[in-house]
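Peer 1: Sharing a structure here in structure tokens format.
The values are calculated or read from the model by the stated rules, or taken from the named source; none is laboratory data. Just so it is clear, the model here is predicted, and its values are computed rather than measured. Here the Cβ is made from the backbone with ideal geometry for all residues, glycine too, and neighbour counts use every protein chain on show. For the accessible areas, the whole protein counts, side chains as well, though only heavy atoms, and no ligand, DNA or RNA atoms are used. Shrake-Rupley method; radii C 1.70, N 1.55, O 1.52, S 1.80 Å.
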Amino acid sequence: MKFTKASPLKGEITIPGDKSISHRSVMFGSIAKGTTEISHFLQGADCLSTISCFKKMGIQIENNHDTVIVHGNGLRGLKKPETILDCGNSGTTTRLISGLLAAQDFNVTLTGDESIQKRPMKRIMEPLSLMGADIKSVKENGCAPLSISGKKLHGIHYTSPVASAQIKSCILLAGLYAEGETKVTEPYVSRNHSEIMLNYFGANVKTEGTTACIAPAEELYGNKIVVPGDISSAAYFIAAGLMIPGSEILIKHVGINPTRDGIIHVCRNMGADITLLEVNTDSGEPTADILVKSGSLHGITIGGAIIPTLIDELPMIAAMACLAEGETIIRDAAELKVKESNRIEVMVRNLSAMGADVEETEDGMIIRGGKPLRGAVIDSKLDHRIAMTFAVAGLCAEGETEILGAECVNISYPGFYQDLERLMK
Ligand code: S3P
């Protein structure tokens with residue numbers, strides 16, 4: 001797929017549903033009693049992997065495109081799947097499902113694509129084992145395939161070395177079935193969609209500072225869910241709107257949960273003109289329309305507690321920093337190395353190819369901005385967020401940018417290129 005310098009982007013856009021919330025609505029709906037009707041569900045490949053795993057465990061799920069109806073079987077209603085569970089490219093599916101499977105009365109093997117088989121799973125194997133789980137890496141390399149043999153679990157207080165909602169949610173889900181309370185403390189608060197939705201379904205999750213605590217549940221109860229637009233997908237339109245001179249975009253109905261809204265704070269700190277309109281709450285999650293107008297940006301330092309609230313947006317922020325005046329430092333973001341690709345390495349290589357002044361550091365990067373970008377051939381490494389970042393960067397560069405493996409945007413945003421093109425007309 002090829003991109004050249006764009007004329008101003010104008011108009012309104014509704015972003016597909018939040019990936020994290022879509023996954024959780026199917027998972028929690030499956031283990032709840034009764035029906036969960038999910039509207040604005042994200043039909044990305046990752047969320048379809050979650051649906052397929054739960055169907056294999058005997059859950060009836062009707063996918064009517066925008067609406068998904070899950071006929072939950074209750075907390076103890078999952079059935080042993082007849083085949084291996086395939087989590088595709090999805091870390092959220094792999095790690096959250098593992099927490100549930102650790103407590104069932106059957107054994108199961110789960111795996112995923114080449115990228116998933118390289119991603120660290122020790123981070124969930126360790127706490128689950130402390131709870132009494134039997135979970136093994138089949139190749140003994142700390143990665144998937146994982147073989148899990150369901151056991152009776154007991155609650156723990158786990159202090160996680162990294163702020164990760166996937167680790168936290170995995171442990172909380174196991175905690176639903178454990179004897180006694182289960183607590184997770186993280187260095188910084190990670191996204192709290194599990195805590196919000198579990199409580200919405202009748203569980204008892206309490207949060208104090210960076211600690212989440214769950215009590216074992218008798219049953220969860222299905223409920224209606226309206227999935228907000230994904231702020232991580234909105235980020236590409238926020239960035240395009242800010243960077244392409246003369247642009248003005250209204251991004252409708254986006255989730256602005258404070259554990260996810262770091263991109264808005266960072267853009268404003270860089271001097272961006274962003275207004276939140278129609279602020280509301282859906283199924284416990286705050287939403288807003290985001291109005292973005294182009295303007296000049298300046299570099300800043302990004303690190304510490306804000307990092308988990310914008311972790312998936314850092315590739316786009318790094319590209320934006322190349323066009324901002326002055327220096328941007330991204331630190332405390334070593335987690336980027338273990339995402340769908342090593343996003344520090346891949347960003348530095350590709351931004352450098354476009355003529356940017358970027359330096360890789362141990363836990364982030366240093367970007368000396370203010371130099372124009374030029375078109376280049378970009379290897380997305382089949383990482384959806386890299387492909388979308390460079391599509392936007394390509395619209396701001398002189399000459400032609402070609403993205404290899406561009407179709408990988410299907411993971412989180414199947415209509416991305418069409419939506420981008422629509423705003424160019
Ligand atoms: C997610 C948590 C984050 C994020 C991922 C989705 C989730 O991962 O990067 O895209 O849905 O819980 P980590 O928990 O590894 O930080």
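Peer 1: Decide, for region 290-360, between rounded, prolate and oblate: order the square roots of the alpha carbon gyration tensor eigenvalues as a ≥ b ≥ c, take rounded if a/c falls under 1.5, and otherwise choose prolate if a/b is larger than b/c, else oblate.
Peer 2: The shape class here is oblate.
Peer 1: May I pose another question? Which residues' amide hydrogens lie under 5 Å from the amide hydrogen of residue 299, considering only partners 5 or more residues apart or on another chain, with H built in the peptide plane?
Peer 2: 325, 326, 327
Peer 1: Between residue 12 and residue 83, what is 0.36 nm times their sequence separation minus the Cα-Cα distance? Round to one decimal in nm. Spell out each step's value before the answer.
Peer 2: Working: separation 71, 0.36 × 71 = 25.56 nm, distance 4.39 nm.
This chain segment gains 21.2 nm when fully extended.
Peer 1: Do any trypsin sites (Lys or Arg not before Pro) in region 211-262 lie in a loop, going by DSSP, with at most 15 other beta-carbon atoms within 10 Å of their beta carbon, and if so which?
Peer 2: Details: sites: 224, 252, 260; in loops: 224, 260.
Within region 211-262, the qualifying trypsin sites (Lys or Arg not before Pro) (loop, at most 15 other Cβ atoms within 10 Å) are 224.
Peer 1: At a Förster distance of 30 Å, what's the computed FRET efficiency of residue 298 paired with residue 377, Cβ-Cβ distance as r, to 0.05?
Peer 2: Step by step, r from the Cβ atoms, then E = 0.50.
Peer 1: Continuing with this model, one more query. Calculate how steeply helix 384-395 sits against the longest principal axis of the alpha-carbon atoms of the chain, using the helix alpha-carbon long axis, and give the answer as 0 to 90 degrees to the nearest 10.
Peer 2: 10 degrees
Peer 1: How large a share of the accessible area of region 1-66, in percent, is made up of carbon and sulfur atoms when the probe is 1.4 Å and the other protein chains stay in place? Please report the intermediate quantities before stating the final value.
Peer 2: On the way: 1170 of 2380 Å².
Taking all protein chains in place, region 1-66 shows 49 percent carbon and sulfur surface.
Peer 1: Write out the GluC sites (Glu not before Pro) in region 188-265 meeting two conditions: DSSP loop, and at most 14 other Cβ atoms within 10 Å of their Cβ.
Peer 2: On the way: sites: 195, 208, 218, 219, 248; in loops: 218, 219.
Sparse-neighbourhood loop GluC sites (Glu not before Pro): 218.
Peer 1: For region 46-103, what does the convex hull of the Cα positions come to per residue, in cubic angstrom?
Peer 2: Values: hull volume 4.9 nm³, N = 58.
Considering the Cα atoms of region 46-103, their hull volume per residue is 85 Å³.
Peer 1: Using alpha carbon centroids, what distance separates region 269-296 and region 366-425, in Å?
Peer 2: 23 Å
Peer 1: May I ask you to compute the full-extension gain from residue 139 to residue 154, defined as 0.36 nm times their residue separation minus their alpha-carbon distance, rounded to one decimal in nm? Mind showing how you got there, number by number?
Peer 2: On the way: separation 15, 0.36 × 15 = 5.40 nm, distance 2.69 nm.
Working it through step by step, the gained length comes to 2.7 nm.
Peer 1: Could you work out what % of the accessible surface of region 271-350 is carbon and sulfur, using a 1.4 angstrom probe and leaving DNA, RNA and ligands out of the count?
Peer 2: Details: 1290 of 2730 Å².
C and S fraction of accessible area: 47 percent.
Peer 1: Taking springs between alpha-carbon atoms closer than 10 angstrom, which of 123, 385, 24 fluctuates most in the Gaussian network model of the chain?
Peer 2: Of the options given, 123 has the highest mean-square fluctuation.
Peer 1: Continuing with the same structure: Rounded, prolate or oblate: pick one for region 132-189, where a ≥ b ≥ c are the square roots of the eigenvalues of its C-alpha gyration tensor, a/c under 1.5 means rounded, and failing that, prolate if a/b is larger than b/c, else oblate. Please list the in-between numbers first.
Peer 2: Values: a/c = 2.55, a/b = 1.21, b/c = 2.11.
Note, shape of region 132-189 comes out oblate.
Peer 1: Let me ask something additional. For region 358-420, which whole-number percentage of the solvent-accessible area (1.4 Å probe, protein heavy atoms only) is attributable to carbon and sulfur atoms?
Peer 2: 50 percent
Peer 1: What FRET efficiency comes out for the pair residue 252/residue 67, r = Cβ-Cβ distance, R0 = 22 Å, nearest 0.05? Mind showing how you got there, number by number?
Peer 2: Working: r = 18 Å, r/R0 = 0.83.
With a Förster radius of 22 Å, E is 0.75.
Peer 1: Shifting gears a bit: How many angstrom lie between the Cα centre of region 207-245 and the Cα centre of region 17-80?
Peer 2: For region 207-245 versus region 17-80, the Cα centre distance is 16 Å.
Peer 1: In addition: How would you classify the chain from its alpha-carbon gyration tensor, with a ≥ b ≥ c the square roots of the eigenvalues: rounded for a/c under 1.5, else prolate if a/b is greater than b/c, otherwise oblate? Display every interim value, and only then the final one.
Peer 2: On the way: a/c = 1.82, a/b = 1.64, b/c = 1.11.
In terms of gyration-tensor shape, prolate.
Peer 1: Ignoring ligands, DNA and RNA, what accessible area per residue does region 1-98 give at 1.4 Å, in Å²?
Peer 2: Value returned for region 1-98: 36 Å² of accessible area per residue.
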